[in-house]
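Heads up, the thing below is written out as structure tokens.
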Amino acid sequence: MEENAASKNFIEEFIEQDIAELGLTHIRTRFPPEPNGYLHIGHAKALFIDFSMAERFGGTCNLRYDDTNPAKEDVEYVEAIENDIRWLGFKWDKLCYGSDYFDQCFDLAVKLIKKGLAYVDDLTKDEVREYRGTLTEPGRNSPYRERSVEENLDLFCRMRDGEFEDGARTLRAKIDMASSNINMRDPAIYRIRHFTHHHTGDMWCIYPMYDFAHPIQDAIEGVTHSLCSLEYEAHRPLYDWVTEHCEFDPRPRQIEFARLNLTNTVMSKRYLRRLVEEGYVAGWDDPRMPTLCGLRRRGYTPEAIKDFLARAGIAKADSVVDTAMLEHCLREDLNVRAHRMIAVLDPLRLVVENMQELEFHEVELGNLPDQPEAGTRKVRFGRELFIEREDFAIDPPKKYFRLKPHGEVRLKGAYIIKCTRYETDEQGNVTTVYCTYDPETRSGESDRKVKGTLHWLSAADAIPAEFRLYEPLLLDEQEGEERDFIERLNPDSFKSLRGYVEPALAQANPGDRFQFIRMGYFCADLEHTAQRPVFNRAVGLKDSYKPGAIDN
RNA sequence: UGGGGUGUCGCCAAGCGGCUAAGGCCCCGGAUUUUGAUUCCGGUAUCCGCAGGUUCGAAUCCUGCCACCCCAGCCA
């Protein structure tokens, strides 16, 4: 794997600069998911950046649950998150919970109150909104803004002690209601939430806001670089305000990068949740989902995902990366290691007329091209075979290299056959194709060339299997008005086919990946068993055959 | 509209005042091929959002304009 050593991304440049100017000796980052959903490939980008930046400078990265809002979070997700991160192959230094710092957050809030930098506000949610002003007009000070330190301390402690209802009061940072940056107009830093927290139980009924808790968590853990996505850029002044006035030293630095977008894919948790809850997909791990569990079930490898992320790059420009790039990375990874097997997804009966009923010839197939050390396996060639329905055409288009009446084709690893005739049903559908094989053309024993090579299965040995084929969940965005994403859903994103696989595949375990020759890369599904084989197509092969093409 | 960002090939993305604007994906040729796969060669921006300016010289500096994204949660 060649590396572009010369080119650094902007985050590396910042970190190098900080190392040189601040004399940092240990770089520490953190990956801070909120446990309110499953990780998707967008999170994988953040993960990749957090871990790779730390690693590049010999530092470490913590996994920290950003769990300051008990109403949205659940333990169900914390286990799934750890599992997904491990699957990707990242190793965190410390496993932390933001909620483990609630004591410190509370103490720091008290400290700010004592410094005259925070106050308890009695304004309602609606009033706060009114007082905040707009993008163009400054806000007004809350009538409670000038309460004494003593009163604020008393009220804040009573908030903590559960004396007030949810929403009755908040603790606000006293900054500047006229700031051109709305995030600095006395942001709420604590709110009352009588809610059982998945990690701290009923210990607290007030919870710090992200903008207050996050910089504190970073500082406490000794995070040097807090890497996050672009939408937090406007919050950076507040992040810095918190670490400054809480008097942390050294202080972490927040750096923002553009999040990942993929063509024909939704990434927002809100939309993914709708897909699951409204039944458009089978679950969070539906192979069409961009979740890590979905990609895993689909057959994606951690290596392919990380390679993709590295290739897509890290920058600040909003972008939408072509899903073709992700698919390319998977093919490139699987090409060198997925064993070549045979599956006929849409079977058509082929009878070799010059073979006897119980006559079989054993032929050997290589597991990996150009890699004899990957081994071989033996299969039987017999009178009755299955070929792919699309590999036979009565009236083929030009440049059709497959089987046609009186045409010749090679059966992979076996013989060259010649089509003699075919039968159809009343509707004209082909039911059986007949051919003769040429005994002189056994694989490896003949120089005779024919243009086409087909995959095939011996009907006597083939095992019934289900194949699940996937297409993008979303259709291309139309020009002009934006539709609700539900209307963009691809009605044909999932198709199930009943066909056959070669006997060796019965031994496959869920998660095993193969290339089914000429059909694509497949992965044994979670539900796969020897009795009921099920394979998901992770990605098709590149295909330069264009049946409709006009040839000159 | 106030603030904060971003604009380099169809899609990502290098480039940080000086040879003919990296690379990847996609696409198109051609060679090899018992996967129309892989592999291998070769091709694809006289131009860097637009307009001015500075300079011997700019995608890189300056000015103005345009487009897009983010911020008015007691979400993260």
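The values are calculated or read from the model by the stated rules, or taken from the named source; none is laboratory data. Keep in mind that this is a model prediction, so the values were computed, not measured. In this analysis, Cβ positions are derived from the backbone assuming ideal geometry, glycine residues included, and neighbour counts consider all displayed protein chains. These area figures cover heavy atoms from the full protein model, side chains too; ligands, DNA and RNA do not enter into them. Shrake-Rupley method; radii C 1.70, N 1.55, O 1.52, S 1.80 Å.
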**Request:** Mind telling me which of the residues A:Glu440, A:Glu471, A:Glu466 ends up being in contact with a Ser or Thr (Cβ under 9 Å, 6 or more places away or on another chain), under 21 Å from A:Arg297 (Cα atoms) and open to solvent by 70 Å² or more (accessible area, probe 1.4 Å)?
**Result:** A:Glu471
**Asked** Does A:Thr134 satisfy being at pLDDT 95 or above, part of a loop (DSSP other than H, G, I, E, B) and either touching a Ser or Thr at 6+ places or on another chain (Cβ under 9 Å) or at positive phi (or both)?
**Response** no
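Per-residue answers, yes or no, for (1) within 22 Å of the chain's Cα centre (by Cα); (2) away from RNA strand B (no atom under 16 Å from the Cβ):
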position: A:Lys495; (1), (2): yes, yes
position: A:Pro503; (1), (2): no, yes
position: A:Tyr521; (1), (2): yes, no
position: A:Leu526; (1), (2): yes, yes
position: A:Arg532; (1), (2): no, yes
position: A:Phe535; (1), (2): yes, no
position: A:Gly540; (1), (2): yes, no
position: A:Tyr545; (1), (2): no, no
**Message:** With the requirement that a residue be surrounded by fewer than 22 Cβ atoms within 10 Å (Cβ to Cβ) and within 13 Å of RNA strand B (Cβ to nearest atom), what does the stretch A:45-57 give you?
**Reply:** A:Ala46
**Message:** Looking only at residues that are under 15 Å from the mean Cα position of the chain (by Cα) and open to solvent by less than 20 Å² (accessible area, probe 1.4 Å) in the stretch A:32-44, which one is modelled with the lowest pLDDT?
**Reply:** A:Gly37
**Options A:Leu334, A:Leu326, A:Leu365, A:Leu330; residue that is under 17 Å from A:Lys412 (Cα atoms) and among the hydrophobic types (A, V, I, L, M, F, W, C)** = A:Leu365
**Request:** Could you check, for the stretch A:249-256, whether at least one of its residues is under 26 Å from A:Ser496 (Cβ atoms) and open to solvent by less than 20 Å² (accessible area, probe 1.4 Å)?
**Result:** no
**Residue within the stretch A:305-326 that is closer than 23 Å to A:Pro533 by Cβ and surrounded by 22 or more Cβ atoms within 10 Å (Cβ to Cβ) present** = no
**Set A:Arg251, A:Arg298, A:Arg273: member being of a type in the set (Lys, Arg) and under 13 Å from A:Ile41 (Cβ atoms)** = A:Arg298
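Table: residues versus (1) of a type in the set (Phe, Trp, Tyr); (2) away from RNA strand B (no atom under 15 Å from the Cβ); (3) crowded, with 16+ Cβ neighbours inside 10 Å.
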| residue | (1), (2), (3) |
| --- | --- |
| A:Gly59 | no, yes, yes |
| A:Asn69 | no, no, yes |
| A:Arg86 | no, yes, no |
| A:Lys91 | no, yes, no |
| A:Ser99 | no, no, yes |
| A:Asp121 | no, no, yes |
| A:Arg132 | no, no, yes |
| A:Glu146 | no, yes, no |
| A:Val149 | no, yes, no |
**Message:** What's the total number of residues in the stretch A:294-330 that are within 12 Å of RNA strand B (Cβ to nearest atom) and of a type in the set (Lys, Arg)?
**Reply:** 2
**Prompt:** Since A:Thr265 meets every condition but one in (1) more than 11 Å from RNA strand B (Cβ to nearest atom); (2) closer than 30 Å to A:Asp484 by Cα; (3) among the hydroxyl-bearing types (Ser, Thr, Tyr); (4) more than 14 Å from the chain's Cα centre (by Cα), which condition does it not meet?
**Reply:** (4)
**Complete:** Residue count, the stretch A:378-406, condition within 11 Å of RNA strand B (Cβ to nearest atom) and farther than 16 Å from A:Leu348 by Cα, comes to 6
**Request:** Kindly provide the set of residues from the stretch A:446-480 that are in contact (Cβ under 8 Å) with a residue 24 or more places away in the chain, within 13 Å of RNA strand B (Cβ to nearest atom) and closer than 30 Å to A:Pro290 by Cα, ordered by number.
**Result:** A:Asp476
**Message:** Could you go through the stretch A:405-419 and let me know if any residue there is open to solvent by 30 Å² or more (accessible area, probe 1.4 Å), among the aromatic types (Phe, Trp, Tyr) and without any contact (Cβ under 8 Å) to a residue 60 or more places away in the chain.
**Reply:** no
